[in-house]
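The values are calculated or read from the model by the stated rules, or taken from the named source; none is laboratory data. This one's a predicted model, so the numbers in the text were calculated from it and none came from an experiment. Neighbour counts are summed over all protein chains in view; Cβ atoms, including those assigned to glycine, are modelled from backbone coordinates with ideal geometry.
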């Protein structure tokens, strides 16, 4: 039962700034994911919340109460470390009972609580063993049990599934999600795996180089990425970025790339507003399209406008095939169904899903505009507008 | 695998036998000597006795009983008080060193902010300055005649600490670099021969009336072995993942609780081997005990040295007998903690 709020939290290690003015609010009962590449400051963020590190600036509130000077033991927050940190010389029972013993609960009550949690996580048969004798998944459950047993105000998990093998990770992912729904407690989950974040989280904070890039629902993070960084971190393979020239000629606004072009229709178009009125000096923009929003045709289609291109490499993955396509001077990645086969150097036709085209600032990478419907941008062949 | 020729195998075993013989012969000689009657101690009777011809327990009796001078033999005190003394001061010194050393090692392992080694010229220059500043005070203290008394020594020590701190502040004005490693400074305490400090310690101890007391010896042993405890225990603590203490703290333990309930149990193997090492150092010390004890608290090595009589010279038999008895405690201690000496207790703690 906790609401965690970070206000302008900054943390430095020597000359390195690990976290830069973090502002986050994690609501009660929320499954909150912190997503970011290694070294982004994700673990530091958790350690600040739990109290193992002190912020250099800013305040952390738990349930509205500033906790900067509260010792971690008194914050009543459970944390599952990346390496689990099970006590190797204690049995599973003693491991799980440790937090309760620290709270001086009577022995019977401890026994009952441990048994209850062990039943919930299906580890009753392991209670007498030492952590060294357990498999990866079993250790994971013991670590979760140790956090659950004391019903803390919030749970923090630091890449808990990173060290499990792929199959087990899938299984634990579902189990964690189910568990969180059952508990309905605040859970802050740190991961560098965007699939985990997308599949489990109520909200995602994308962290990069100590700065929160975007904090929103998985849906919005995926569909309306705040900037180029977010679009690269979320999505696999990452979004394609194509640098386009901005051409403003006689009442027309065109975005032109060496392989394709878009025409902005109507002077009441938001892009027109932005590129012609707010940023008249901008010469280039980035056009971002996700690999799954591009279609390849072996022949020129008649129903949509497609751009001529050439296949560079093809990577069949079984369920889908990732095709690298040379479009103009850039190479883009395209996800195609496995039924379609493309040979190297084969000429193809590329068509974008015009409802999912993003336009971003070249310098800052910030997203300027996203099409919501196909008719907002018109496809033109690059040769036809010069 | 090819079979080696027989002569090679034979040669190898012969070499092994020679080396093993070389190292174990002194022990063999001591053990047999302990059971030899007086005539077999030396070659005075024309033969070397490699094996006791008439084994006897007389030597043990001689060394353990008190003898008031009569015919042929001088006054001879019993070794029992020295055994008692050795046991008390060795265990006491070991416990003292372990107590402060283990805590210091944990602090150094977990909370140290060391920033690399001090460059040698800064270190030497600083030492020179310290001596230069303190020397006039030493002369002053001597002139005042207080340097021989406990208050003189205490005040001079405090002055030294103060000057040292001021010197650091002074240096910090124009030197910004690594400030040196505290752990290394602690090790430096052991980098000069013990003889160099024993005499000043003797003077200090006599001023503080600590000569020939069990607590005086324990204090010296604790301080002298402290650096070993710090370095050994620090390496054991460094091997225990920091996340374990942190997990304990998050789980509701205090900093002390995390140390005593989680970290120390994991380091008990290291603690046991450190304890054995330090105990052996204290148990076998001769120099410090020789200078700091007189009548009441000589330890076994000091007592061994006194087993000489004017009538018959060195008493080899009783010496060997007491030596054999002195071997027992470290050996028994070693066997008792053997299972803790086995490493790998932390295996499986952490996924790597």
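Is it the case that residue A:29 is more than 14 Å from chain B (Cβ to nearest Cβ) and buried (at least 23 other Cβ atoms within 10 Å of the Cβ)?
Numbers: more than 14 Å from chain B (Cβ to nearest Cβ): yes; buried (at least 23 other Cβ atoms within 10 Å of the Cβ): no.
Spelling it out, it is not the case that residue A:29 is more than 14 Å from chain B (Cβ to nearest Cβ) and buried (at least 23 other Cβ atoms within 10 Å of the Cβ).
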Report task. Determine if region A:86-96 includes at least one residue that is in a helix (DSSP H, G or I), farther than 20 Å from residue B:244 by Cβ and within 14 Å of chain B (Cβ to nearest Cβ). Result -> no
Query raised in the report: Do we find that residue A:275 is out of contact with any helix residue (DSSP H, G or I) (no Cβ under 9 Å at 6 or more places or on another chain), at pLDDT below 90, in the same structural domain as residue A:369 (by TED's automatic domain parsing) and buried (at least 19 other Cβ atoms within 10 Å of the Cβ) in this structure?
Result: yes
Query raised in the report: If you take the residues of region A:102-125 that are within 12 Å of chain B (Cβ to nearest Cβ) and free of Cβ contacts under 8 Å to residues at least 40 places away in the same chain, which of them is nearest to the chain's Cα centre (by Cα)?
Result: A:102
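Table: residues versus (1) surrounded by 19 or more Cβ atoms within 10 Å (Cβ to Cβ); (2) within 19 Å of residue A:242 (Cβ to Cβ).
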| site | (1), (2) |
| --- | --- |
| A:298 | no, no |
| A:301 | no, no |
| A:304 | no, yes |
| A:308 | no, yes |
| A:311 | yes, yes |
| A:315 | no, no |
| A:319 | no, no |
| A:329 | no, yes |
| A:332 | yes, yes |
Query raised in the report: Counting only residues that are in contact (Cβ under 8 Å) with a residue 24 or more places away in the chain, more than 14 Å from residue A:79 (Cα to Cα) and within 7 Å of chain A (Cβ to nearest Cβ), how many does region B:239-255 have?
Result: 1
Requested in this report: Need at least 2 residues that are farther than 16 Å from residue A:349 by Cα per element, so show me which strands (runs of 3 or more DSSP E) inside region A:251-321 make the cut, counting only ones lying wholly within it.
Outcome: A:252-256, A:261-264, A:284-289, A:307-316
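If a residue counts only when it is within 16 Å of the chain's Cα centre (by Cα), away from chain B (no Cβ under 14 Å) and within 26 Å of residue A:224 (Cβ to Cβ), which strands (runs of 3 or more DSSP E) contained entirely in region A:126-210 have at least 3 such residues?
Numbers: elements: A:154-158, A:186-191, A:203-208.
Fully inside region A:126-210 and qualifying: A:186-191, A:203-208.
Condition first: closer than 13 Å to residue A:149 by Cβ and crowded, with 24+ Cβ neighbours inside 10 Å. Now tell me which residues in region A:81-95 satisfy that. Break it down into steps so the answer makes sense when it comes.
Start the filter on region A:81-95 by keeping residues that are closer than 13 Å to residue A:149 by Cβ, which leaves A:92-95.
Of everything in region A:81-95, those that are closer than 13 Å to residue A:149 by Cβ and crowded, with 24+ Cβ neighbours inside 10 Å turn out to be A:92, A:95.
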